[in-house]
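Shown next, in structure tokens, is the structure this report addresses.
The values are calculated or read from the model by the stated rules, or taken from the named source; none is laboratory data. What you see is a predicted model, and the numbers here were worked out from it, not measured in a lab. Heads up, the Cβs are rebuilt from the backbone with ideal geometry, glycines too, and the neighbour counts pull from every protein chain shown. Ligands, DNA and RNA are stripped out before the accessible areas are found, and what is left, the full protein with its side chains, is counted by its heavy atoms. Shrake-Rupley method; radii C 1.70, N 1.55, O 1.52, S 1.80 Å.
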Amino acid sequence: MVSELLASAIRMGLPVLLAALGAVYSERSGVVNIGLEGMMITGSFWGAVGAYYAGPLAGMALAVAASVLMALVHAVVSVTFRVDQIVSGVALNILAYGAARFSSIALFQKATMSPHVQGFTPISVPGLDQVPWLKPLVTNLSPLVVVGFLLVPLSYWVIEKTVFGLRLRAVGENPLAADTLGLKVFHLRYAGVLLSGVLAGLAGAYLSVEHTGMYVEGMTQGKGYIALAAMIFGNWSPVGAMGAALLFGFAESLSFRVVESAVVPYQFIKMIPYALTLVVLAGVLKRTRPPAADGIPYEREEA
Amino acid sequence: MRKRYRYVALELASPLVAIAFAVLVGAVVIAAIGKNPVQVYRIMFTFAFRRLDSVGIMLFGATPLIFSGLAVAISFRAGLFNIGVEGQYLIGTFLAALAGFALKGLPSFVHLPLVIVVAALGGALWSLLPIYLKVRRGVHEVISTIMLNYIAFSLIHYLIADVFMDKQQGLMPGVGNPLIRLPKIAASALMPRMHGFLALLGVDLPRHVYLNWFFPLGLLLAVAVHYLIWRTAFGYELRAVGHNPAAAEAAGIDPAAVQIRAFLLSGLIAGVTGLSDLLSYFGYMDLDFPKGYGFTGIAVALMGKNSPLGIVLAALLFGFLNRGAEGVQTFAGVPMDTVVILQGVMILSIVVASAVMGRYIRRQERKEALGASW
């Protein structure tokens, strides 16, 4: 029972985890990415398109490509043109919403949903799947779940232990100093934003291709924003983001069980992830420390 | 002095550049689905401007956007980003609908203003928590307001479907399904349409147009907001805090106090956004009450560069886009959602154009200042 609940928390929390990891890359480089939600919408739609026409792998590829394109727009607008990053992200979300509806009509003749699509063949962890109490956790897994949780230590290593990570953090903390040392501030910030696009695209594709088996309008349900909150709760670190994402996944999977019991009106159950986000942010924010230059466009001295 | 005019012209040019760029992107999108962009745009214009009903519908469509755009702009001016207009107007609309059907026997000149005030207070109520969290706990208002939007959707759903649903809709037993909606609002709280007044001016608006007195009210509000921002002490503090909170504080302004008042004012205006639809078109609130005015309000505020006049123009532009899109959907088979793409592209290009032109102007001014000192 406990492991089943945990397994369901992992399934629910995975999109938040992927997008939150993306947010870590973007914000550690100094760029706030409110556009995660739009990138997830884009990923969920194009993931379904790719999966519908050419299988789940093509879905992932198409989702990542489309989402990276959105991320590129965010980078051009907010890094190169130094427009307020929040404004750029919000505009991107509006654009993504309209583009998904439009493309859905163009491809599927329906604005709000795609046909059913086939996901990956579920996998099991060999060896561990013989242990009875572990069974729900290690069998019938989406490969993306495995990928997602492998990405946590990988991201930790990339950000904390590699030269690239060091440089990424440098431009997020003090871009002027980094620039003085000859680092390419703009290139690094582009890298951070584009990586967040890759991960948000995967997060969206997971929702449509793996979790639901089709694209439905509004299926992201604010998970991009929740991912941002998870990243903040996790203090801008991959491991912390994982903990927070699991917490949100847990709240969501718990809420499904409460709905089944029908004690509380389901509309209140639906509020849980959002209320939890508010509570978490109100409770922890004073104790977290964002990168020093997070959200501030870097401007070279103009001659 | 001639140079000054050139700068003003450059400032004004950026919205036009943005519109042109959006039209171009729209043309590519339209061409991509195999339609002729020129023809589609022509249909859009003739449908929107050659018909009297279209013009009325454009003004009706612009009405809520004037309110939501002004609400967003006031928060912007104070350095805040109210993305919660969406939730705020739903709460305001709900409370207004409640006061509209629950109070009976009031004369119209009491009931209607009362309902408007209730809506505004509802909007302000829903903006209390985010500004508290912002000022006291440092929670970014963008995330908190978005969360409250989702909470508002669920709450309204619950209140309409499970608590206040109209059980006596006058259906024959066993015939049809009752709508999931609130009881109808008393006639004394409904906002009259402008047909009678326009008929005096010789304009005979068709009956299916719902242009009502909230439109001129929105224009009046825009004037009031302009006055508030540019002619009052509070407006000065608002701009100072929005521009540079640290400098404002050094000058003896309490940034937190100004931001709280600005955000609540933004919520008050946001609360009224849905009333044009509620009190003139529907007459009741149901689960399908129009959503999205809050988000479009952000686009309107950015397009209008947070100036009330600009916002009115941008709201009219969006009213035109929506009406024109209905035309091209019907007569050219192009999905209406092209318009949402256009809006997104417009916002992105206007903010980029403004940033680039702003920097160009600053650089020119610096050069001139240097030149003058030689």
Item to check | So A:Ser26, is it more than 14 Å from every other protein chain (Cβ to nearest Cβ) and under 14 Å from the mean Cα position of the chain (by Cα) | outcome: yes
Checklist outcome for this item: How many residues of the range A:170-205 are open to solvent by 50 Å² or more (accessible area, probe 1.4 Å) and among the charged types (D, E, K, R)? The answer is 2
Checklist entry - Is at least one residue of the range A:98-110 assigned to a loop (DSSP other than H, G, I, E, B) and open to solvent by 10 Å² or more (accessible area, probe 1.4 Å)? => result yes
Checklist entry - Which residue, of B:Ala240, B:Ala152, B:Ala224, B:Ala199, is at negative phi, away from chain A (no Cβ under 14 Å) and either surrounded by 15 or more Cβ atoms within 10 Å (Cβ to Cβ) or not in a helix (DSSP H, G or I) (or both)? => result B:Ala240
Checklist entry - For the range A:269-295, which residues satisfy the criterion of being of a type outside the set (Lys, Arg) and at the interface with chain B (Cβ under 7 Å from one of its Cβ atoms)? => result A:Met271, A:Tyr274, A:Ala275, A:Thr277, A:Leu278, A:Leu281, A:Ala282, A:Leu285
Checklist entry - Among B:Tyr236, B:Tyr210, which is without any contact (Cβ under 8 Å) to a residue 40 or more places away in the chain and of a type in the set (Ser, Thr, Tyr)? => result B:Tyr236
Item to check | Test: A:Gly213 is open to solvent by less than 30 Å² (accessible area, probe 1.4 Å) and touching a residue at least 60 places away in the same chain (Cβ under 8 Å) | outcome: yes
Item to check | Selection status of A:Val32, in a helix (DSSP H, G or I), under 19 Å from A:Val171 (Cβ atoms) and open to solvent by 10 Å² or more (accessible area, probe 1.4 Å) | outcome: no
Next on the checklist: Let me confirm something: among B:Val17, B:Val8, which residue is modelled with pLDDT under 90, touching a Ser or Thr at 6+ places or on another chain (Cβ under 9 Å) and open to solvent by 20 Å² or more (accessible area, probe 1.4 Å)?
Outcome noted: B:Val17
Checklist entry - (1) surrounded by fewer than 19 Cβ atoms within 10 Å (Cβ to Cβ); (2) more than 9 Å from chain A (Cβ to nearest Cβ); (3) in a helix (DSSP H, G or I); (4) modelled with pLDDT under 95: which one isn't true of B:Met165, the others all being true? => result (3)
Next on the checklist: With the condition being free of Cβ contacts under 8 Å to residues at least 24 places away in the same chain and more than 30 Å from B:Arg239 (Cα to Cα), I'd like the helices (runs of 4 or more DSSP H) fully within the range B:32-123 carrying at least 2 qualifying residues.
Outcome noted: B:37-49
Checklist entry - Does the range A:80-88 contain at least one residue that is on the phi > 0 side of the Ramachandran plot, within 12 Å of chain B (Cβ to nearest Cβ) and part of a loop (DSSP other than H, G, I, E, B)? => result yes
Checklist outcome for this item: When (1) touching a helix residue (DSSP H, G or I) at 6+ places or on another chain (Cβ under 6 Å); (2) within 14 Å of another protein chain (Cβ to nearest Cβ); (3) of a type in the set (Asp, Glu) are applied to A:Glu217, the one that fails is (1)
Item to check | Hey, A:Ser104 more than 18 Å from A:Val198 (Cα to Cα), in contact (Cβ under 8 Å) with a residue 40 or more places away in the chain and within 14 Å of another protein chain (Cβ to nearest Cβ) or not | outcome: yes
Item to check | Segments classed as helices (runs of 4 or more DSSP H), wholly inside the range B:279-374, with at least 3 members that are among the aliphatic types (A, V, I, L, M) and open to solvent by 20 Å² or more (accessible area, probe 1.4 Å) | outcome: B:308-332, B:338-373
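A quick yes/no check of all residues on (1) away from chain B (no Cβ under 14 Å); (2) open to solvent by 10 Å² or more (accessible area, probe 1.4 Å); (3) under 20 Å from A:Val146 (Cβ atoms):
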| residue | (1), (2), (3) |
| --- | --- |
| A:Val2 | yes, yes, no |
| A:Gly13 | yes, no, yes |
| A:Gly22 | yes, no, yes |
| A:Leu57 | yes, yes, yes |
| A:Ala71 | no, no, no |
